[in-house]
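A short worksheet on the structure shown next.
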Amino acid sequence: MLKMAGNKSYTIVEYFGGDSGYPCGYCKNDKGNFSHGMWSHTMTVQDYQDLIDRGWRRSGKYVYKPKMNKTCCPQYTIRCHATKFQPSKSHKKIMKKVSKFMSKGELPKGQDDGEPMDSVCDEAGPREPSKVKCATITDIQKELPECPAITEAQKEVADVAPTDSETSRKDPASVADERTIATAPKPGMGADPGRPPCRKAKDLRKERRLQKEQIRQHADGVSPTPPTPAQTKQPKPLEDFINESLPDTSSHCLEVRLVRSNPPCPQFKASFDASYQVYKLYQMAIHKDPPDKPSESQFRRFLCDSPLEAEHSPDGPEVGYGSFHQQYCLDGRIVAVGVIDILPTCVSSVYLYYHPDFASLSLGSYSALREITFTRQLQKQSPKLCYYYLGFYIHSCPKMRYKGQYRPSDLVCPETYAWVPIEQCLPRLETSRYARFNQDPDAGDARVLKDVGRALVLYRRAVMPYAAYTRKRKGSSDETEVQQYAGLVGQDCAERILLYRS
C-alpha cells in the first residue's frame, strides 16, 4: 500500500467508463448488463467501506458499480442488522439439519427444501471492456505487482453467474402464475359456515391451562397477576443453534477456521491446494464449468487476490481488518469456504463455495448464518461493526430474493445512498425494476460531488489535486471521465483515493 508523509495509506485506482452492454448472468440478456468499473491496485478498508455503501462491490481487485437505471437486472446493496437478527423457521430447520448430520452422520436425501443452494454471494457481475489493460505503476511503487489484463478479471465476475434453473430462465411473471396454479385449492364444498373455525390443538391446550390457573387463583383468593418480563418466553438466540452441544458419540466434528488471505498467512498457504480443489469441484458441478476453466490462476485472481491490505486499530476487532477465508473443516477436511472482508462497520460476504457431495446440507444458507454469528462476535470487540452485507439483492431475479429473508435488513437507495428498510422497498420493486427508495423528494446524496478540482490524482509519482494536475497538463481532455468517476465515488472518497493518471 502506498504510504506518504505521516505514514498515511492511500488507495490507488484506475477508472474505466462502462458505456458498452455485456451479457447478464441473471436474465441471459446478451447486452443488457451495464456497470462502471475500476481496477484497485491497493485499497484501505475505510475507502472500500464507503464505496460499498454507495453501491460498489469487488471481484478480486476489480471494483464495479452497476448502472442501476440502465442495467437489465438492477443490483441493490443489502445489509442485515446482525445484532438484531432472529432466525426464521427455515433458518432453524437448516441449522437442525446440519446438527443432525453431525450427530448421526446421515446426509439428507435429495436436494434442499426450498432454501437456495447457490453461494450466498453468487454474483453475476460485469464483463470488463476488451483491449484495456491497467498500468503497471512500477515507477511509482515497485512492490505493486503488474496488473493482469482487465479482460480476464471482469470475465471472472460474469462467469460465476447463478446456475440455470427453470425459474431463472423464465419470466418472473410466468413463474408467479405457475406458483398460483400449483398452489390453488381443489374445488369442493369449502368450510362449513355454521361451524367455528378450526384451531390448533396447542392453542386450545394453552387456553385450558390458563383457565384452570385462573380458577385455582380465584378459589385461593389470589388475584391473577400478569406474567413478568422474566417469565415471558424469550426466543432462542442464533448462537444457541450454532453452538448446540453434540453428544460424545457424534459421527462428525465441524470446525470453522479463519485464515487471512491477503497477505496470505501460513495456514492459508498450507491449505491452498485443498481449498482450490473444492472450488474446482464446485464450479464444475454447480456452474457446469468445463474442467479447464476453474484454473488455479483464475481461483487465485478471483477469490484470493484482494486490494485490501491488513489493518489493525486499537478499537477494532482482534483479528484486524481485511480479506479472509473461513474454512469449514469436517473431520479435518475442507468441505466449504466462505470468502469475506472484515471492514470498519461490517462483515461483507464475497463468495461461498462447497464440495458438491454436501449440497443437500444447504451450506449457502448455513454459512450466512455462521457469518452473522461471527459478525456478532466481532461487534463485542468493535461496537460499530454490527452489519452483515450479503452483496447484491436482485428483486427482478426470483432466485436471488432469498437474501431479503435475513432480517431486519436495508437496501441502499440508488439516488441518495440512504439505507431504507427492505419492507418499504419491496412494494416499489414489485412495480418497477429500478426504484428510488428514499421517499423524501427533496433528499439528495449527502456526499455529492461539489468540487472535482479537489479530487486527488497520482501523476508522475506525485499526489496532487485534480485542479493542479490540469494546470500541469494544459489541454487535458479527461475532465469528463474524472468528473464521472468522482461523482460515482462521492466527494469524500474523491479527496482520499488516488486516481492514477498516465
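Here are the numbers for the structure shown:
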| read-out | value |
| --- | --- |
| Sequence of HIS287, HIS312 when ordered by accessible area, the most exposed leading, probe 1.4 angstrom | HIS312, HIS287 |
| Local net charge near ARG205, Cβ-Cβ under 13 Å (Lys/Arg +1, Asp/Glu -1) | +4 |
| Positive dipole terminus of segment 434-502, leading residue within GLY453, VAL463, GLN439 (C-beta point charges) | VAL463 |
| Area accessible to solvent at GLU106, 1.4 Å probe radius, in Å² | 140 Å² |
| Solvent exposure ordering (accessible area, 1.4 Å, most first) of PHE16, PHE85 | PHE16, PHE85 |
| Mean separation of Cα contacts under 8 Å (6+ apart) over length of segment 28-115, as relative contact order % | 25 percent |
| Highest average packing first - 25-34, 346-355, 469-478, Cβ atoms within 10 Å | 346-355, 25-34, 469-478 |
| Accessible area (Å², per residue) of segment 225-369, counting only protein heavy atoms and a probe of 1.4 Å | 44 Å² |
| Nitroxide proxy distance, nm - points 7 Å out along Cα→Cβ at ASP292 and LYS92 | 5.2 nm |
| Rounded accessible area of THR345 (nearest 10 Å², 1.4 Å probe) | 40 Å² |
| Added length on full extension, which subtracts the Cα-Cα distance from 0.36 nm per residue, ALA462 to GLU213 | 81.6 nm |
| Protein accessible area in segment 298-345, 1.4 Å probe - carbon and sulfur % | 48 percent |
| Apportionment of accessible area to carbon and sulfur, segment 389-502, percent (1.4 Å) | 45 percent |
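The values are calculated or read from the model by the stated rules, or taken from the named source; none is laboratory data. Model, not experiment: these values are computed from the prediction. A quick note on method: Cβ atoms are made from the backbone with ideal geometry, for glycine too, and the neighbour counts reach across all protein chains shown. Heads up: the accessible areas ignore ligands, DNA and RNA and are worked out on the full protein's heavy atoms, side chains in. Shrake-Rupley method; radii C 1.70, N 1.55, O 1.52, S 1.80 Å.
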